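As structure tokens, the structure follows; a few thoughts come after it.
Values in this text are rule-based calculations from the coordinates and carry no lab data. Since this is a predicted model, take the numbers as computed values, not measurements. Please note: Cβ atoms are built from the backbone with ideal geometry, for glycine as well, and neighbour counts cover all protein chains shown.
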Amino acid sequence: MFTGIVKAKGTVHHLQAAGADMRLRVFSEELDWTLFDSGESISVNGVCLTAIDIRDDGFDTDVSVETLSASALGDLPEGAEVNLEPSVAMGERLGGHLVTGHIDCVGQIRGLDRDARSVRLRVEVSSEFCRYIARKGSITVDGVSLTVNAVSENCFEVNIIPHTAEVTIISSYKVGTKVNIEIDLIARYLERLLSVDGKSSMNKDFLRANGYA
């Protein structure tokens, strides 16, 4: 589990095909890697990956064919910067929101506009997933916890303050950049509660039984 608060930036040092999967080597001097062990979960651009080899300057990880198909990690070239967040420990501050590291879809940057000292990003996602995004709700873009400012049929907008732009890879975005999107965890479970086999299970009896009426 993560919080969407990026702890460091890293660099893709090496990419190696392993059948249909991929071995990814990440370099970063912004974290003390002696504090980590092999087998730990680390978010790379919002994707939960298992560190199989920890080094003094970073780690290696395997990326499965399923993860490659569901995320934008397969598009990363060697030398690309990535957002890094180790899994959250019990008792740590939850500065962002609860993030699983399970990517829902790949979005695409459609606009970057100055908004006072911030930058307003417009991100396109399919309407299939945009329905889960709510104004003033939370969204994760490449592992960064952000607040949604506006939503349309297939786009949402977020504001990037200077600090966030500085400590993440968002400052490198251009129109057309592909990004990993994770919708708010609550939205997933709400849909499950509201619909079983295509039929709504939310009624007065349900609300009463769960203390809402």
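Assuming R0 = 22 Å, what is the FRET efficiency of residue 100 and residue 20, from their Cβ-Cβ distance, to the nearest 0.05?
Numbers: r = 24 Å, r/R0 = 1.08.
Using R0 = 22 Å, I get an efficiency of 0.40.
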* Report the charge-dipole magnitude of the chain in Debye, nearest 20, computed about the Cα centre from +1 at each Lys and Arg Cβ and -1 at each Asp and Glu Cβ. => 1100 debye
* Once you have the Kirkwood Rh of segment 105-191 from its Cα pairs, apply Stokes-Einstein at 4 °C and 1.567 mPa s and quote D in µm²/s. => 101 µm²/s
* What FRET efficiency comes out for the pair residue 90/residue 40, r = Cβ-Cβ distance, R0 = 22 Å, nearest 0.05? -> 0.95
* **Likely footprinting exposure, 171, 87, fewest C-beta neighbours within 10 Å first** => 171, 87
* **R0 of 35 Å, Cβ-Cβ distance residue 29-residue 68: FRET efficiency to nearest 0.05** => 0.85
* Structure fact -> Ranked by GNM mean-square fluctuation in the chain (Cα springs under 10 Å), the top entry among 30, 92, 124 is 92
* To do: Report the extension gain between residue 81 and residue 153 in nm, rounded to one decimal, defined as 0.36 nm multiplied by the number of residues separating them, less their alpha carbon distance.
  => 22.9 nm
* log10 I(q)/I(0), Debye, Cα-only the chain, no solvent, q = 0.12 Å⁻¹? -> -0.66
* **Angle between the chain longest axis and helix 185-194 axis [Cα atoms, degrees, rounded to 10]** => 30 degrees
* Asked: If the label point is 7 Å along Cα→Cβ of residue 110, which residues in segment 158-192 have backbone nitrogen under 19 Å from it?
  -> 158-160, 173-184
* So, in Å, what gap is there between the alpha-carbon centers of segment 162-180 and segment 107-157? -> 12 Å
* Which percent of Cα pairs goes in each bin when the distances of segment 8-86 are cut into 5 angstrom slices starting at zero? -> 3, 17, 30, 30, 14, 5, 0
* Got a sec? Charge dipole of the chain, +1 on Cβ for Lys and Arg, -1 for Asp and Glu; which of 63, 12, 175 is way out at the positive end? -> 175
